[in-house]
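Beneath this line is the structure, given in structure tokens, with notes to follow.
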Amino acid sequence: MDQLSLISEEAAEIDEQITDIFRTLSNGFQKLEKVKDANRKSRQLEELTDKMRECKSLIKEFDREVKSLESRIDAVTNRMLSEKKQAMIKELNSYVALKKQHNTKLEKKKIDLFDGPNEGFHEDNVLLASTMTNEQVMDHGNKMMDETDQAIERGRKVVQETINVGTETTASLKAQRASKLVKEIGRQVATDKLIMTMLFLIVMGVVIIIIIKLVNPNNKDISDIPGLPPPAQSRKLLWHTN
């Protein structure tokens, strides 16, 4: 029976489970280095992540058990248990760092290793709530909520700015199209007016020529108009004397 079992059988059992998980994680990451297929590596990495979540939960249980023994053990034993807990956290952090490296290589989105209900732990720093004072926990929670609110507000502003830019762009495009349409219609109307004016002048010229020709049919300055009968020739009577 080891020293930890003499202090607490429950703590010794938890320690044994954590040791088994660390052994599994060590072997798992060694095998992961040899995997070439990205999909297979991603699946195995998720399995190792589950093991790290389980290990984190066990470390918290170990910490609660140690705290329950503080009043019954001496300072030396308490220091030994605290150092053992810190060693567990340090080793778990080393596997967290390995997981991050593999995620970076796979060019996948980083996931929160200890994401779960009412938890806000980051995988780069496995910070156990049991190692923090109540004031530190509250300050940390308030800071996270403030950061979340700021992120939401920034996102809202980005969305609103995007909507405004889209609205302004649409209005600008509509105005440009309307302006082009008005100019095109104006050009067509001007062209139509010019054609109508020219036709009017031609018709008026023809009418004037016809009138002049009718009034003065012997006017040699104006050619005969097709379709208009030539002027009647004056008849000369020849008188013959018998």
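The values are calculated or read from the model by the stated rules, or taken from the named source; none is laboratory data. These numbers were taken from a predicted model, which means no experiment stands behind them. Because the Cβ atoms are built from the backbone with ideal geometry, glycine has one as well, and the counts that use them run over all protein chains shown. Each accessible area value is taken on the protein alone, full model and side chains, heavy atoms only, with ligands, DNA and RNA left out. Shrake-Rupley method; radii C 1.70, N 1.55, O 1.52, S 1.80 Å.
Taking the solvent-accessible surface of protein heavy atoms with a 1.4 Å probe, what is the per residue accessible area of region 50-108 in Å²? Mind dumping the intermediate values first?
Numbers: 3370 Å² over 59 residues.
Counting only protein heavy atoms, the per-residue value for region 50-108 is 57 Å².
In region 20-87, the portion of solvent-accessible area held by carbon and sulfur atoms comes to 44 percent [1.4 Å probe, whole percent, DNA, RNA and ligands not counted]. Computed packing ranks the peptides 24-33, 80-89 as 80-89, 24-33, most packed first, by mean other Cβ atoms within 10 Å.
In debye, nearest 20: dipole of region 1-60 around its Cα centre with unit charges on the Cβ of K, R (+) and D, E (-)? Display every interim value, and only then the final one.
Numbers: 11 positive and 13 negative charges, 137 e Å.
Roughly 660 debye, rounded to the nearest 20.
Along the charge dipole of region 12-94, pointing to its positive end and built from +1/-1 on Cβ of Lys, Arg, Asp and Glu, which listed residue (Ile18, Met80, Leu45) has its Cα farthest out? After comparing all options, I get Leu45. Count Lys and Arg as plus one, Asp and Glu as minus one, and take only other residues whose Cβ is under 13 Å from that of Ala190; the net charge is then +1.
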